[in-house]
Amino acid sequence: MSQIKVAVIVGSLRKNSFNRRLAQALALLAPKPLVFEEVSIAELPLYDQDADGNEAEPVKRFRIQIQEAQAVLFVTPEYNRSIPGVLKNALDQGSRPYGKSVWTGKPAAVIGVSVGAIGTALAQQHLRNVLAYLDMPTLGQPEIFLQAKDGLFADDGQIGAGSRDFMAGFLQQFTAWAQLYQP
C-alpha cells in the first residue's frame with residue numbers, strides 16, 4: 001500500500017492553539033499509509049481577484065503543497081459560529097484563478113476542538129458547505145465535535161487515553177475514505 005500524503009490545514013494562527021495540538025496529536029496516531037504534513041496558511045495575503053495569474057509567492061507555495069497532497073484534513077476552531085476568516089481566505093486562494101482550483105476531487109475530512117460544549121459543530125457545517133462547492137468529497141461520518149477539557153491531550157502531546165480509540169476510529173475511516181480516491 002503506497003503512502004497517502006495528507007495536507008493538514010489548521011484554521012488557527014495561534015501557535016499553541018488547541019486545534020494545532022489536535023493536528024499534531026492526530027499525526028502521531030495516524031495509521032499507515034497516511035503521512036501528515038501541516039500546510040501553513042499564516043503568510044497568505046487576503047484574496048484579491050486582481051492578483052489572479054500574478055499570485056504572491058506564499059500563495060504559489062500554498063497551491064503547490066495542496067496540489068502535491070492526495071487528501072486534506074481540515075482542523076478548525078469555531079469563530080462566531082463559523083469558520084475563521086484565515087481558513088476561508090486559504091480556501092479562496094486555493095480555488096482561484098477560476099478553473100484552476102487545487103481542491104477539486106481531493107478527499108477531505110473535517111475535525112475541530114473548542115472550549116465550548118458543542119465543539120466546532122457549526123464551523124464544521126459551514127466548512128462542509130464550502131467544500132461541497134469546491135468539489136471535495138468530504139468524509140461524512142464520524143463527525144467529531146471535541147470540547148477542550150482535561151484529558152483530551154496526554155502530557156506527551158498524544159491524544160489522551162479516554163479519547164484515543166475514538167480518534168483512532170476516525171483516522172481509520174479517513175484512511176479508507178482517502179484510499180477510495182487514489183488512482
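Readers should treat all values here as calculations from the given coordinates under stated rules, not as data from a laboratory. Since the model is a prediction, treat every value here as computed from it, not as a measurement. Don't worry about glycine lacking a Cβ; one is built from the backbone with ideal geometry, like all the others, and counts go over all protein chains shown.
For Val59, Val35, the sequence from fewest to most other C-beta atoms within 10 Å is Val35, Val59.
Calculate how steeply helix 161-180 sits against the longest principal axis of the alpha-carbon atoms of the chain, using the helix alpha-carbon long axis, and give the answer as 0 to 90 degrees to the nearest 10. Tilt of helix 161-180: around 40 degrees.
Helix 18-29 and the longest principal axis of the Cα set of the chain meet at an angle near 70°.
Counting only DSSP beta bridges whose two residues both lie in the chain, roughly 10 percent are antiparallel.
Once the other residues with Cβ under 14 Å from the Cβ of Glu68 are scored (Lys, Arg +1; Asp, Glu -1), what is the net sum? Around Glu68, the charge tally is +3.
Spacing of the modelled spin labels on Ser82 and Arg164, each 7 Å from Cα toward Cβ, amounts to 4.0 nm. What is the distance in Å between the Cα centres of region 94-159 and region 26-90? Between the Cα centres of region 94-159 and region 26-90 lies a distance of 12 Å.
Rg over Rh for the chain works out to 0.95, both radii taken from alpha-carbon positions and Rh defined as the Kirkwood radius. Between the helical axis of 57-68 and the longest alpha-carbon principal axis of the chain there is an angle of about 60 degrees.
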